[in-house]
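Read the structure below first, then the notes.
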Amino acid sequence: MLEPEFNITGIGSGGDYARSAAMALLNETDLDAEAIVRKAMGIAGSICIYTNNSLTLEVIHTDG
């Protein structure tokens, strides 16, 4: 089983940018997970020429 470090992972060409932004947002804001993903992907899209700002986000809700 693979588990991401700090419960955050990123894949693809802009994955490291998105992961870095998400880590900062998680540690420095009170944003929820969906807002963090949206902002982190926006940051990655503005840095990486291979990442765009077109995002389809699937939210998985769990009990507990």
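Given 0.36 nm per residue, what is the gain on full extension from Ser46 to Met1 after removing their alpha carbon distance, in nm? Numbers along the way, then the final one.
Details: separation 45, 0.36 × 45 = 16.20 nm, distance 3.22 nm.
Using 0.36 nm per residue and subtracting the Cα-Cα distance, I get 13.0 nm.
Applying both filters, DSSP loop and at most 11 other Cβ atoms within 10 Å, to the GluC sites (Glu not before Pro) of segment 17-64 gives Glu58. Calculate how steeply helix 15-28 sits against the longest principal axis of the alpha-carbon atoms of the chain, using the helix alpha-carbon long axis, and give the answer as 0 to 90 degrees to the nearest 10. So the helix axis and the longest Cα principal axis differ by about 50 degrees.
Net charge of the neighbourhood of Leu26, taken over other residues with C-beta under 15 Å away and scored Lys/Arg +1, Asp/Glu -1, is -2.
All of the numbers you see were taken from the coordinates with simple rules; none came from a lab. Predicted model, so just to flag it, every value in this text is computed and none were measured. Glycine gets a Cβ as well: all are built from the backbone with ideal geometry, and neighbour counts include every protein chain shown.
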